[in-house]
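Computed from the coordinates by the stated procedures, all read-outs in this text should not be read as laboratory data. Everything numeric in this text was worked out from a predicted model, so none of it was measured. Heads up, the Cβs are rebuilt from the backbone with ideal geometry, glycines too, and the neighbour counts pull from every protein chain shown.
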Amino acid sequence: MTKNIEKRIAEGIKLARLGFYSYMFDGTILYMDRETFDFFELEGTFESPESLIGKNIESLFIYTGAKGRLREEIRAKKSVFRLEYGIRTLKGNEKWGIHNSYLFIDEETGKEAIQVCFYDITERKKNEEEKRQLESRLFQSEKLQAIGQLAGGIAHDFNNQLTGIIGFADLLRYELCDDQRLGHYVENILTASRHSAYLTNQLLAFARKGKYLSVKVDIHRTIMEVISLLQRSIDKKISLQQIFKANPSYTSGDPTQLQNALLNLAINARDAMPQGGVLTFETKIVESDDMFSSVKGDKLIPGKYIEVSVTDTGTGMTEETQKRIFEPFFTTKEFGKGTGMGLAAVYGTVKNHKGVIDVFSKIGEGTTFKVCLPLASTECRVIKDQNTEAVNFNKKLRLLLVDDEDIVCAIGKEMLEMSGHLVCVCRNGREAVDFYKNNWKEIELVILDMVMPLLNGAETFRLLRDINPEAKILLSSGYSITGEAQKLLDQGANGFIQKPFTSKELAKSIAELFPF
C-alpha cells in the first residue's frame, strides 16, 4: 500500500511538473530532482542531478526576473515564501516558474538552508506574452484607424478650401498676365497650394481614400522603375540590389499608388544610411494562414500573397519608434527635413490594397519593411482611361452645381461662367432634387459633390436619376475615386473630378462628357 501511494505521489508530481531542490544560504546545492534538472536544461552539460550536489545554484542559470531578496525574505519570515520569477538557462532559453521556498536546518551541517518546490509556468507565460503582443497590435491598428478617419476628414475639408484658393489664384493669374510682379506673387500662391494639395493626397492615402484604379500591376516592373528613379539621386555609397523570387509577380491595384509606396520605403531606407550601405528589394510568394495572420497582426483573406521586403543596413529604430512609425506627421528626421507623411501614406496604400505591412528593426543593424499584397486573380478588372482624343471645349451648357461649401460654389460658378456656361447653384442635396424636379429638361449637366448634409452625393444621385434616368452627372469630392464615388461610377455616373481643381481641369472634365 505504501509503495502504491508513493508511486501515485511520484506520478502526480511528474504530471503537475513539480520540481524540488535545496541549497545552503551560500548557494551550495544539497539536493536536486530530475524535474528541476530538466527545467534548468542541464542535460548534456552535466551528467545527472546528483552530479550537481556541492555546486553553486547560481552557476546554473541567469536570473531574468526577481533576484537578491529571496534568501533574506525567507530568513526574515521563516515561513513559506512564494515568488514567481524567470531565468535564462545556460542554453539561452527563458523559463518561468512559481517557487515556494521555506527555511529548514540541514541535518549534516546544522546550518540554515532553503528547500524549494516549484511549478513550471513557462508555457503560460509564453501564451500571455503572445496575447499581450496581439492586444498591442490590435490597439495599434485601431489607433491608426481612428487617426485615419480624422486625417481623411481633415484632408477632405482642406481640399474644399484649397479648391477656392487655387481656383481664385488661377483666375487672378489670367487677369494679371501683363503684371510680372503681381503675377509672380500669384504663382507662389499656386505653388504653395499645390504642395498643400500633395500633402492632403498623402493624408488621403493614409486614410485609405486614395486607390484610383484596379489594374494588373507587375511588382517586379514597379520595383525596377523605383530603382531607376533612385539611381538618379541616391548616394553612390549606397548599393542597390534586387532578389526576385516571386513567380508570378502580379497584384491588383493602382500602379501609381503602389509605385509611390515602394518609393517612399526606399527613400526612408536611403535616409537611414547617411554613411552608405546596401538597399535590397526582395520578393517571394507566401501563403496566408492563421500563423501568418497572427504574425502580421491582421486577419487576411486566405490565399497567396506577394511579399515585398525593403531592407537597409542603416541605423535602425528603437521599439518605441517602430510602434509609431506609421502615424501621420511622426518623423525622426531633423526639423524641416520631413513631413512625417511618407510612411503613413504607405500604410494607407497597402491597407487599401487589402494587404499588410510590418517593420522589423534593431539599432545599428538596419531595418526591413515587409509588404504583403494579394496575388492578382486571373481576371483583373481594368478601369480604362476616360480621356477622349477629341473633346469640345467650346460647347456652352446649362449646368447645375451642387455643393455645400460656399467657397466651392463661388469659385465653381465663377470658373463655369467664364467658360460661357449658364450656372445654377444648390447648396445641399435636398435643394438640388427639388430644383431639378422642376427644371430637369433645361439642365444638361449636374456637377455633384459627394459629401453633403441632408442628402449625401449617393442619395442625391439616385433621386436625380429617378427624375431623369439619362441625367449627365459629374461627381466631385475632396476624396479620391473610392468607396461611394466608385460605386456611382459603376452605376453609370458620367465622370469624376477631385478637389482641388483648376479652371482648365474643370473645363476638360466637362468637355470629355460632350465630345464632337
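Observations, loosely collected:
- Förster-model FRET efficiency, 51 Å R0, ASN100 and VAL286, C-beta, rounded to 0.05: 0.65
- Summing +1 for each Lys or Arg and -1 for each Asp or Glu among the other residues whose beta-carbon sits under 10 angstrom from that of VAL308 gives 0.
- Separation in nanometres of the label points that stand 7 Å from Cα toward Cβ, at LYS487 and LYS395: 3.0 nm
- Long pairs among LYS441/LYS487; LYS396/LYS504; LYS237/LYS284; LYS351/LYS487; LYS395/LYS441; LYS126/LYS284, criterion Cα-Cα beyond 21 Å: LYS441/LYS487; LYS237/LYS284; LYS126/LYS284
- Potential lengthening of the chain between TYR85 and ASP178 amounts to 25.4 nm, from the contour at 0.36 nm per residue minus the alpha-carbon distance.
- Maximal additional length on extending the GLU43-GLU365 stretch stands at 112.5 nm, based on 0.36 nm per residue less the C-alpha distance.
- Cα shape, region 398-511, gyration tensor, a/c 1.5 rule: rounded
- Using a Förster distance of 35 Å, the FRET efficiency for ASN56-GLU123 (Cβ separation, nearest 0.05): 0.80
- For the cross-link pairs LYS95/LYS354; LYS245/LYS354; LYS216/LYS245, the ones whose C-alpha atoms lie over 28 Å apart are LYS95/LYS354.
- Highest-first arrangement of 257-268, 468-479, where packing means the average Cβ count within 10 Å: 257-268, 468-479
- Note on GLN241 and ASN438: the model spin-label points, each 7 Å out from Cα along the C-beta direction, lie 7.4 nm apart.
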